1. Look at Val337 and say whether it is under 30 Å from Ala491 (Cβ atoms) and outside any loop (DSSP other than H, G, I, E, B).
2. Taking into account only those residues within the stretch 301-313 that are within 14 Å of Ser338 (Cα to Cα) and among the polar types (S, T, N, Q), which is farthest from the chain's Cα centre (by Cα)?
3. Checking the condition over 23 Å from the mean Cα position of the chain (by Cα) and under 24 Å from Gln686 (Cβ atoms), which residue from Leu331, Leu269, Leu324 passes?
4. Could you tell me which numbered condition Gly607 fails, if it satisfies all but one of (1) modelled with pLDDT of 90 or more; (2) surrounded by fewer than 13 Cβ atoms within 10 Å (Cβ to Cβ); (3) in contact with a helix residue (DSSP H, G or I) (Cβ under 9 Å, 6 or more places away or on another chain)?
5. Just for strands (runs of 3 or more DSSP E) wholly inside the stretch 340-441: which have at least 1 residues that are at pLDDT below 95, crowded, with 23+ Cβ neighbours inside 10 Å and touching a Lys or Arg at 6+ places or on another chain (Cβ under 6 Å)?
6. Tell me, which residue of the stretch 666-697 that is more than 30 Å from Glu567 (Cβ to Cβ) and polar (S, T, N, Q) is surrounded by the most Cβ atoms within 10 Å (Cβ to Cβ)?
7. State whether the residues of the stretch 316-324 include one that is free of Cβ contacts under 8 Å to residues at least 24 places away in the same chain and assigned to a loop (DSSP other than H, G, I, E, B).
Amino acid sequence: MSGNVDEDTWRDLGLTLVGQNEDRVLVLFASDAELTEFRRRLEAYQSGPREGRKHAPFAALFANIDEVGRIQPVDRIGRLLKLERIEQPDAFVDGTTYTVDLELWHTGDIQDCRRRIDQVSDFVTNDGGRVTDTYVGPSLVLARIKAEGRTIRTLLTLDPVASIDLPPRVSIRVSQQLDTSLQDLRPVPSPPEDAQGICVLDSGVTAGHPLLAPAMGEATAVPSRLGTSADVHGHGTRVAGLALYGDVQGCIDSRNFIPQLRLFSARVLNENIGFDDEDLITTQMRRAIEYFKNTHNCRVFNASLGDKRMPFNGGRVSPWASILDHLARELDVIIVVSAGNYDHEPSPDATPDDHVQGYPKYLLEPPAKIIEPATGCIVVTVGSLTNSANLPLGTQTNVALRPIAQPAQPSPFTRSGPGIGHAVKPELCEFGGNCAYDGDLRRLRSELAELSIVSLNREYLARLFCTDIGTSYASAKVAHSAARLCSQFPAASANLIRALLAASAKVPPESRELLESISDNAVLQLCGYGLPSLPRAMFSDSNRAILYAENELPFDRFHVYEVPIVEEFYAVDGERQITVTLAFDPPVRHSRLDYLGTTMSFRLIRGKTVEEVAAAFKQRDSTQPKVPRIPTRYDCPMSPGPTVREGSTLQKATFAMKRNPRNYGDTYFLVVRCQQEWARHESSPQRYAAVVTIQHRAAVDLYARIQARLQQPVRLRATV
């Protein structure tokens, strides 16, 4: 479909709309007579206008239709089956019994749906199979089937069948991990003396937890009238466990908890999980962050906090977000915040099944936008991905219990951007858990351990570990990676740490496949630049070289950097990429819609000399001769484009090449520009960090060749 046709129009034709996907493909049911009439009208339209008429018959309907065809059996094979390489009907083998979940198209008539599921059940039974469970809900019709390959192949040909897929997987991994005791683990050492500090701003911390105590630095309440630093809620301890260790489940599996960081805690929430009644939130944030930066040299702060009453739908950012941005710039620290959790409530005209049927579109609707302080432009905002679609033992026979998302897709509670000025928000995503929908109970299930994130339990004497879901835990994992990068690169600025994190990030293919067909920017709005990788941020590979620069730019000036292109990059066939990441920390002002005092941008130029590039970007007054713009073919097309990325203080774009780029020479040029908006001259020069990643899919040793060419550590050099 290239246009919109309302449902009443289809109904007038005797057609029933039963499904629609993100590619604007409509699924319609019709009787033989109705289908014959539909085809008659289509033929009349295709014959063109009648004599004396301007438009063909039924043009209002068919002008919006790109193609008409029947659903094929292969279209009904589900994603999980395809992951198991069952991609064609013939892959279902005779004599082999399969357990699958069958979904029928919902016609809107419950009784009709029940008749259809009964007909399918009779067919399966008569063909030697079994139907072990069925569910007919307001918008879902499901059956759990055990049948041989020949039966499955026939089911794939039936018009009422929407899809056939594998059931959710049952797991006891998390349940077993939760039973791990201290005796099952190796002794926990203290972190190195010079360990980088990470500070958690939350509900406090259980400092005596045996997995936290060896790494525990100062814990305090800000303000002191909140009482002790103890965590009476549990959220702060769960966040702290992930901020300290990153992957708690991995540590359990290895039976090894080795802290590489020093943990600090600022309790900023009272016993009712609210902020102090007397101090402004801006005062609390400033006192806590300044104290731990100045006293303990903490450079990474995690604030898994947010106000659900304040989804961002335009306008100004909050004072809370603004103070965090001010502090990040003023103190040169990394502040990581969560995008916030969204509790989806189906609209009155929708059914409870909308939790499943409406996913992920409802995550892009206005109520699901990021909440304060995630709108901050210098803070790093983190969204959530699902870590699992496994269900707990004992639920395997319940076809009505459905995980909402598959692994590595956006969590069904995460929130979406963009931020102020169309900034990319969230910039990063990490694993934060999943939910299931229980059709029998007609409600969301968010407490299932196998779909949750494992972390440390406040009540550790009863059990060391517990589970929960939320963007809070995704944020804590990114904060852990940021602190580890600070340990690896102790002299790096906060801008460089942010740039390295974004440069290492990849959007999981599962998320990209799900979101790309919804809208052009859905991937950026929910996943940002993707899931960061600590090894990719820390180290180059043989076929992937990281170059970086930290610098300052006066207002309305630019730098030009040489990007070396070695012969192996263009001589060896295969996909090649150059990715540029730019991070800067401008002055901000809460009272302005143009929130950023300075803006920055970049371009990647090829096939020109440095003198030509500098001349093209140099500002001139009216007395100087004009210099022609650089032609488009020399300006590398990068994705996302400038319009999308330049509202952000953390920008990333990729130039992908499949053809041999030899004709453009062995040196490309990165142009980084700084533009004054409302910032005063005392804020000049503007600090920034740039990271360039040069990558080839083939096994070529780019890193060694680039390093040899530069004859120094792999670092970008400014020539203008």
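The values are calculated or read from the model by the stated rules, or taken from the named source; none is laboratory data. Values in this document were obtained by computation on a predicted structure and should not be read as measured data. Don't worry about glycine lacking a Cβ; one is built from the backbone with ideal geometry, like all the others, and counts go over all protein chains shown.
1. Working: under 30 Å from Ala491 (Cβ atoms): yes; outside any loop (DSSP other than H, G, I, E, B): yes.
Considered against the rule, which asks whether it is under 30 Å from Ala491 (Cβ atoms) and outside any loop (DSSP other than H, G, I, E, B), Val337 comes out as yes.
2. Only one residue fits best here, namely Asn302.
3. Values: Leu269 fails: under 24 Å from Gln686 (Cβ atoms); Leu324 fails: over 23 Å from the mean Cα position of the chain (by Cα).
Being over 23 Å from the mean Cα position of the chain (by Cα) and under 24 Å from Gln686 (Cβ atoms) holds for just one of Leu331, Leu269, Leu324, which is Leu331.
4. Result: Gly607 fails condition (2) only.
5. Numbers: elements: 380-385, 401-403, 428-431, 436-438.
Strands (runs of 3 or more DSSP E) meeting the threshold: 436-438.
6. So, considering only residues that are more than 30 Å from Glu567 (Cβ to Cβ) and polar (S, T, N, Q), the one surrounded by the most Cβ atoms within 10 Å (Cβ to Cβ) is Gln686.
7. Keep residues of the stretch 316-324 that are free of Cβ contacts under 8 Å to residues at least 24 places away in the same chain, which gives none.
No.
To keep it simple, each residue is scored yes or no on (1) part of a loop (DSSP other than H, G, I, E, B); (2) more than 32 Å from the chain's Cα centre (by Cα); (3) in the same structural domain as Leu211 (by TED's automatic domain parsing).
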site: Ile86; (1), (2), (3): yes, no, no
site: Arg116; (1), (2), (3): no, yes, no
site: Ser139; (1), (2), (3): yes, no, no
site: Ala162; (1), (2), (3): no, no, no
